[in-house]
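Chemist: What follows is a structure written as structure tokens; I'll ask about it next.
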Amino acid sequence: MNFKDILNADLHTVGQWVRRGVDWWIDELGQAMPAAWRQRFSARRDVIAELDGGRVVFRGKAGATIESDALSRRERDRVQLAVPMTQVLTRVLEFPLLPMTDIRRMVALDIDRLTPFHADAVVFDTELLRRDAERGRQQILLGVMPKAAAGDALDRAQTLDLMPVSLGAFAGVGANTHFDFLPALAGGGGRLSARARLPYWWAVVVALLILNFWLIGYRDSVEVDSLKQIVDSQAEPVQVALRLRDKVDAEAGRRAALIERRNASSAMRVLDAVTKALPANAWTQTFEWNGQTVHLAGYSNGPADMLKALESSPYLHNAHTMSQSALPAKASGMQSFDVSADTGKKGAAK
């Protein structure tokens with residue numbers, strides 16, 4: 001197979017390649033597990049359905065007969081199907097000490113030579129008979145079953161309302177069941193292949209979900225750690241910037257207070273407020289200011305309401321007349337005034 005063959009393959013062929021890859025991966029994981037674990041996690045149940053001619057016998061692993069009516073729904077969905085060994089062609093082969101997965105691949109490539117059948121017409125399985133570590137060799141029992149016979153056994157199981165998890169062969173009453181042709185039949189597009197592959201697909205889905213959640217959590221953890229490192233690296237410059245900002249704010253407050261005090265103590269500001277508040281027909285001869293109160297004394301040419309004029313200024317308030325005027329009387333029509341008012345914005349604290 002080359003790259004061009006892969007590009008020209010249809011979806012069905014690609015799907016078969018993917019299924020074979022998943023089956024190979026699960027088989028490799030199973031072979032890597034300890035024997036006790038493989039037996040514990042095996043999907044096979046203790047119920048064996050032996051198809052012998054036109055009758056079916058249900059037995060336990062110890063060989064005891066089980067009545068059909070005593071089987072539960074779960075046991076019927078997990079039954080181990082077995083046919084007589086006479087329907088299976090067996091042959092003892094010798095190979096080097098290799099894993100069973102490699103042995104199966106070697107047999108699959110050479111099935112036409114090892115059996116009188118074409119590879120597309122049969123399904124096979126292998127069992128380990130014995131190992132010779134000194135010679136570096138091992139004996140393998142090869143079992144070959146025609147696909148037609150395997151299909152008939154599965155049809156019979158469907159008629160009996162059984163869902164087998166394996167398809168093997170038995171040599172006699174109470175004997176152990178040999179081989180399992182169901183995985184090979186499912187991988188070759190057998191009648192129960194879709195349902196037989198269902199646990200594998202669910203396992204793949206669960207594994208991908210777990211991997212997805214792990215990757216999301218790992219990515220978030222890395223991003224949080226990176227953000228924490230950035231924050232930690234900027235902690236000292238931020239502290240320096242905060243201290244500098246506090247100093248700038250304190251200096252700005254001091255400058256504002258100085259400007260406010262300067263404005264409040266400016267004689268020109270008071271003089272400007274008085275000039276704007278005086279009526280047009282009045283003028284002063286005395287202008288005194290002690291920083292809080294301004295004292296005005298002068299004359300007006302005609303009536304002039306000095307108190308009202310001073311109170312109209314936003315900078316002068318609490319205007320009142322002095323008890324005694326220090327100015328001498330003038331000619332007729334001239335009126336003297338002697339008033340005082342507090343300085344500063346109205347409503348502001350003194």
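Chemist: Could you tell me which of the residues ASP132, ASP110, ASP161 is of a type in the set (Asp, Glu) and either buried (at least 16 other Cβ atoms within 10 Å of the Cβ) or closer than 27 Å to GLU50 by Cβ (or both)?
Modeler: ASP161
Chemist: Mind checking which residues of segment 65-98 are among the hydrophobic types (A, V, I, L, M, F, W, C) and within 30 Å of ILE140 (Cα to Cα)?
Modeler: VAL79, LEU81, ALA82, VAL83, MET85, VAL88, LEU89, VAL92, LEU93, PHE95, LEU97, LEU98
Chemist: I need the full set of residues from segment 137-158 which are within 47 Å of the chain's Cα centre (by Cα) and either under 25 Å from ALA70 (Cα atoms) or of a type in the set (A, V, I, L, M, F, W, C) (or both), in order please.
Modeler: ALA150, LEU154, ASP155, ALA157, GLN158
Chemist: Further question: Can you pull out the strands (runs of 3 or more DSSP E) entirely within segment 57-173 that have at least 3 residues that are under 28 Å from GLY21 (Cα atoms) and in contact (Cβ under 8 Å) with a residue 60 or more places away in the chain?
Modeler: Passing ranges, in order: 79-84, 164-170.
Chemist: Go through segment 93-114 and give me each residue that's within 49 Å of the chain's Cα centre (by Cα) and of a type in the set (Asp, Glu).
Modeler: ASP102, ASP110
Chemist: While we're here: Name the residue, out of VAL204, VAL270, that is in contact (Cβ under 8 Å) with a residue 60 or more places away in the chain, surrounded by 10 or more Cβ atoms within 10 Å (Cβ to Cβ) and under 30 Å from LEU307 (Cβ atoms).
Modeler: VAL270
Just so you know, all these numbers are worked out from the coordinates, no wet-lab data involved. Fair warning: this is a prediction, and the values are worked out from it, not measured in the lab. Methodologically, a virtual Cβ is constructed for each residue, glycine included, from the backbone with ideal geometry; neighbour enumeration extends over all protein chains shown.
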